[in-house]
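Asker: Handing you a structure now.
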Amino acid sequence: MRAVRLTVVTAAATAATLAAVTGCTQKSDAKSEDGAVQVIAKDDSCEVSKKDFPAGHLKLNVENRGSKVTEVYVLYPDDRIVAERENIGPGTKASITAEIKAGDYEIACKPGMKGDGIRQKVTATGAGAAAVKRSPEMDAAVAAYRQYVQAQADATLPKVKVFTDAVRAGNVEAAKKAYADSRIGWERTEPVAESFGDIDPKVDVREDGLEAGQDPAKDWTGWHRLEKALWQDKKIGDREKQLADLLDKDLADWVKRVGKADITPTSMANGAKELLDEVATGKVTGEEERYSHTDLVDFKANVEGAQKSFELLKPVASKNDPQLVAELDKQFAALNTLLDKYRTDKTSYVFTSYEKVGKEQRKELSDGVNALAEPLSKLAAAVVK
């Protein structure tokens, strides 16, 4: 689920995480890099150093000079996502590496991580990405990841149907039992789903992620709306049964569109980083599954999706930055070992309910995410060296 504006509680809980997850703590007086587009994000503006640049490998150096946590996107004209970086804390900077084809785009800064953002129109010119030479290892990585994403989507639909069938039958306990399992494939590949722009808000938004003016009674749909009905309201009515039908429909649309997603080696690497952002801002804090407390299931699925991208890109990254690959191997193993403490069967997705995970344990999990997030933020750059 795309990050939303942090509540006071969430901001306090994630303050230590954000700096590491953005992959930087440098102040905003760092020197510009040759060829990189500088983006200065403020609370009321989004400044870019150039609005025309060559197509191909694009690097954005982002500096947040505002007072709010922000995110920066490179968008197609129809709002599909080319690349993004979330959770850029005030006074910090981050970098985004992407593969850009010739054409028109928008760079959007979203102070507070809400709304359509403050946008600047930009243009990539020349042959650029079309002329970027990929190694056989890169082509193999993209092909394998495309197969993985499609397989995860295909496997999700029958699991979702078990969940929605239980909702339609009015069986609260059966629906609760099926809920977390129905989300695993989505959580593993969420950056690809988010790249379409319109699907994630339909199926995976939390109530506090609704846009200004939206009515939760009418406009809130998807998994988390049903989660609230099952665990907090403890009842299933006609509206919930309608929402079960809508969830089936929206996810079937996702499955049909996954095969058309624009996937590149850099989007895979950036997607792995985005999955760690998801963990940092939603799962570690307990905000994501606030009613069901199944956060650790999502946490594990996010880590698995990030690790899949890394493993597929490893043949390329190993040649360019073997030290980084060794560190990522180490930190993925450490975080997976830490997660295993919260399940008795390492082959299952039955994890400890998150409300039973104490403050010190949550800090340990947060530290594990931080330790992985920092080197993972460098993977995209390592892939295109």
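The values are calculated or read from the model by the stated rules, or taken from the named source; none is laboratory data. Keep in mind it's a predicted model, so treat the numbers as computed, not measured. When we count neighbours, we look across all protein chains shown, and the Cβ atoms used for this are built from the backbone with ideal geometry, even at glycine. For accessibility, only protein heavy atoms count, side chains too; no ligands or nucleic acids. Shrake-Rupley method; radii C 1.70, N 1.55, O 1.52, S 1.80 Å.
Asker: Please determine, by comparing only the residues of the range 44-75 that are charged (D, E, K, R) and surrounded by fewer than 22 Cβ atoms within 10 Å (Cβ to Cβ), which one is nearest to GLU274 (Cα to Cα).
Answerer: Within the range 44-75, the match that is nearest to GLU274 (Cα to Cα) is LYS59.
Let's see how each residue does on (1) within 23 Å of GLY213 (Cα to Cα); (2) not in a strand (DSSP E or B):
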| residue | (1), (2) |
| --- | --- |
| TYR73 | no, no |
| ALA83 | no, no |
| ASN87 | no, no |
| PRO90 | no, yes |
| ALA94 | no, no |
| ALA98 | no, no |
| ASP104 | no, no |
| GLY112 | yes, yes |
| ASP116 | yes, yes |
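Asker: Here is a list: LYS308, LYS330, LYS385. Which entry is farther than 20 Å from GLU287 by Cβ and without any contact (Cβ under 8 Å) to a residue 12 or more places away in the chain?
Answerer: Numbers: LYS308 fails: without any contact (Cβ under 8 Å) to a residue 12 or more places away in the chain; LYS385 fails: without any contact (Cβ under 8 Å) to a residue 12 or more places away in the chain.
Just one listed residue meets the conditions, LYS330.
Asker: Which residue, of GLY197, GLY170, is in contact with a strand residue (DSSP E or B) (Cβ under 9 Å, 6 or more places away or on another chain), in contact (Cβ under 8 Å) with a residue 60 or more places away in the chain and not acidic (Asp, Glu)?
Answerer: Working: GLY170 fails: in contact with a strand residue (DSSP E or B) (Cβ under 9 Å, 6 or more places away or on another chain).
Among GLY197, GLY170, only GLY197 is in contact with a strand residue (DSSP E or B) (Cβ under 9 Å, 6 or more places away or on another chain), in contact (Cβ under 8 Å) with a residue 60 or more places away in the chain and not acidic (Asp, Glu).
Asker: Residue by residue through the range 353-365, note down the ones that are open to solvent by less than 70 Å² (accessible area, probe 1.4 Å) and farther than 15 Å from ASN336 by Cα.
Answerer: SER353, TYR354, VAL357, GLY358
Asker: Kindly provide the set of residues from the range 199-213 that are at pLDDT below 90, open to solvent by less than 60 Å² (accessible area, probe 1.4 Å) and in a loop (DSSP other than H, G, I, E, B), ordered by number.
Answerer: LEU210
Asker: What about VAL167, is it within 20 Å of LEU230 (Cα to Cα) and open to solvent by less than 10 Å² (accessible area, probe 1.4 Å)?
Answerer: The answer is yes for VAL167.
Asker: State which residue is nearest to GLU99 (Cα to Cα) when the search covers only the range 335-385 and only residues that are assigned to a helix (DSSP H, G or I) and of a type in the set (Ser, Thr, Tyr).
Answerer: SER366
Asker: Could you check TYR342 against (1) crowded, with 18+ Cβ neighbours inside 10 Å; (2) within 21 Å of the chain's Cα centre (by Cα) and say which number it fails?
Answerer: Unmet for TYR342, out of (1) crowded, with 18+ Cβ neighbours inside 10 Å; (2) within 21 Å of the chain's Cα centre (by Cα): (2).
Asker: When the residues of the range 76-116 are narrowed to those that are of a type in the set (Lys, Arg) and surrounded by fewer than 20 Cβ atoms within 10 Å (Cβ to Cβ), which ends up farthest from ASP44 (Cα to Cα)?
Answerer: Applying the filter and picking the extreme gives LYS101.
Asker: If you don't mind, another one. Looking at GLY112, GLY89, GLY117, which one is farther than 18 Å from ALA36 by Cα, modelled with pLDDT under 95 and touching a strand residue (DSSP E or B) at 6+ places or on another chain (Cβ under 6 Å)?
Answerer: Being farther than 18 Å from ALA36 by Cα, modelled with pLDDT under 95 and touching a strand residue (DSSP E or B) at 6+ places or on another chain (Cβ under 6 Å) holds for just one of GLY112, GLY89, GLY117, which is GLY117.
Asker: Tally up the residues in the range 39-52 that are in contact with a helix residue (DSSP H, G or I) (Cβ under 9 Å, 6 or more places away or on another chain), of a type outside the set (A, V, I, L, M) and either assigned to a strand (DSSP E or B) or outside the structural domain of LYS114 (by the TED database) (or both), please.
Answerer: Total meeting the criteria: 1.
Asker: Are any of the residues in the range 243-251 of a type in the set (Lys, Arg), crowded, with 22+ Cβ neighbours inside 10 Å, modelled with pLDDT of 95 or more and assigned by the TED database to the domain that holds THR221?
Answerer: Checked the range 243-251: no residue is of a type in the set (Lys, Arg), crowded, with 22+ Cβ neighbours inside 10 Å, modelled with pLDDT of 95 or more and assigned by the TED database to the domain that holds THR221.
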